[in-house]
Amino acid sequence: MKASQLFTKTQKEAPADEVSKNAQLLIRAGYVHKEMAGVYTFLPLGLKVLENINQVIREEMNAIGGQEMKLTALQDAEIWKATDRWDDEKVDVWFKTKLKNDTELGLAPTHEEPLVRAVKPYVNSYKDLPFLAYQIQTKFRNEVRAKSGVMRGREFLMKDLYSFARTEAEHEELYEKIKQAYFKVYTRLGIGDQTFITFASGGMFSKYSHEFQTVCDAGEDIIYLDRKQKIAVNEEVLDDEVLKSLNIKREDLEEVKAAEVGNIFTLKDKYSKPLGLTFVDENDKDQNVLMGCYGIGPSRLVGVITELLGDEKGLVWPVNIAPYKVYLAVLGQDEAVVKAANDLYEDLQTSGISVLYDDRDVRPGEKFADADLLGMPYRIVVSNKTLEQGKIEVKGRTASETDLITTEDFKKLLQDSAV
């Protein structure tokens, strides 16, 4: 992509009504557009980041046997009534609408019920289990507050995976496998060292559920973190009994703000039983399928990564989720310099390296400021100076110094930094 052809433009100031760092930076850089509170349009650069995050998640879910599908946003009220979740008193975030014939519908806040109905025709015998099904799909929740930018939306993207098992032992095995896959996702997204498994209430199904919390000043949760053991406890369940069961000492805990970036739950037969999802076991007896659900919010992760890694100059993207790996700036309009920049642009693309080429006829300072705001991992400069030395000027987004190196050395550098 050439900057002169990109329809979005950077802004010096963020909208006055945006208080969150992630929304301010993402809007200023032209990654998102605010449609209304809690509802954001992902513009070309923002969509590239979102899709790169999706791809990391997709690869890790596929690696453990997840099968991707896409469920509908429009929801039949009847299946939600069957599990007692249609009433606004039970689920208070519903968006509801009606067909022309007055049939009431909902916009899905989650998908346990419709997924159970979708897989039910294919589950009959114990031989049909276990399996994992997931989707990356838009959710709708009528949140009372939506003031954290893309970290808390009324319309947002969610990866929700569901496990279907025959026995509790089989469920626990799947649960642990998915837990480890989540850690791989966060490591690949560049926030693994600040993301911790966090014990939270398991409700009626198990002693605990697990959240994945990223330490972040903009987070909405308070957790108590044992950095030595790399585990945390949500403040909602913190008491002496919980600490004893987890073998954690209160004096080792650090109170921190954190943003929830994932959660996993044991469901047992809460949804399979009322919706009739059963299988015939080895003894010809009907059994309820045991389920778990596992969520990650890709659009929320865009906000968390921005909050955690962004600096006073702008966005900072890890190499594997940046919209482009390189911001290429040509300085001046000398014919030889422009030709060298054009050739480098083609060379990098041919080598499989994505490039945003700033070919605009503007001052160098404006290009450098935009490079910092947009947050590509590497800035390359082509100028009379670099041309004379037969090299390119390279600067990492958070580096303090620039380097003059050959194009081939840069390609090797980029290859070595890939996650």
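Scanning the chain for long hydrophobic helices, with DSSP H runs required to stretch 20 angstrom or more by C-alpha along their axis and to average at least -0.5 on the Kyte-Doolittle scale, returns 44-63, 335-350.
Relative contact order, whole percent, for region 326-417 stands at 29, derived from Cα pairs under 8 Å and 6 or more residues apart. Across the chain, the mean sequence separation of Cα contacts (distance under 8 Å, 6 or more residues apart), normalised by length, yields a relative contact order of 16 percent.
Of the labelled options (i) 23.6, 88; (ii) 24.5, 81; (iii) 28.8, 107, which one gives Rg and Dmax of the Cα atoms in Å as computed for this structure? Recomputing Rg and Dmax of the Cα atoms in Å here picks out (ii). Relative contact order of region 69-211: 17 percent, from C-alpha pairs under 8 Å at least 6 residues apart in sequence.
Simple point charges give the picture: +1 on the Cβ of Lys and Arg, -1 on the Cβ of Asp and Glu, and for the chain a dipole about the Cα centre of about 640 debye.
For region 48-165, the square roots a ≥ b ≥ c of the C-alpha gyration tensor eigenvalues yield an a/c of 1.5 or more together with a/b not exceeding b/c, which makes the shape oblate.
Tell me what the chain gives for mean residue ellipticity at 222 nm when only DSSP H runs of n ≥ 4 count, each as -39,500 (n - 2.57), the sum divided by the residue total, rounded to 500 deg cm²/dmol. Spell out each step's value before the answer.
On the way: 11 runs with 125 residues, N = 419.
Computed ellipticity for the chain at 222 nm equals -9000 deg cm²/dmol.
Toward the positive end of the charge dipole of region 237-332, with +1 on the Cβ of Lys and Arg and -1 on the Cβ of Asp and Glu, the farthest Cα among VAL319, THR278, GLY262 is that of VAL319.
Separation of region 356-417 and region 210-265, taken as the distance between their Cα centroids, equals 41 angstrom. So, counting K/R as plus one and D/E as minus one, what does the shell of residues with Cβ under 9 Å around LEU328 add up to? Once positives and negatives cancel, what remains is -1. Between the exposed loop cleavage positions of the chain, defined as GluC sites (Glu not before Pro) in a non-H, G, I, E, B DSSP state with at most 10 neighbouring beta-carbon atoms within 10 angstrom, the longest gap is 90-281.
Give me the net charge for the shell around ALA63: Cβ to Cβ below 15 angstrom, other residues only, Lys and Arg +1, Asp and Glu -1. Once positives and negatives cancel, what remains is +2. Of the residues TYR162, TYR122, TYR208, the one that moves most in a GNM of the chain with alpha-carbon contacts below 10 Å is TYR122.
No lab work stands behind these numbers, since they all come straight from the coordinates. Since we're looking at a predicted model, the values are computed, not measured. Here the Cβ is made from the backbone with ideal geometry for all residues, glycine too, and neighbour counts use every protein chain on show.
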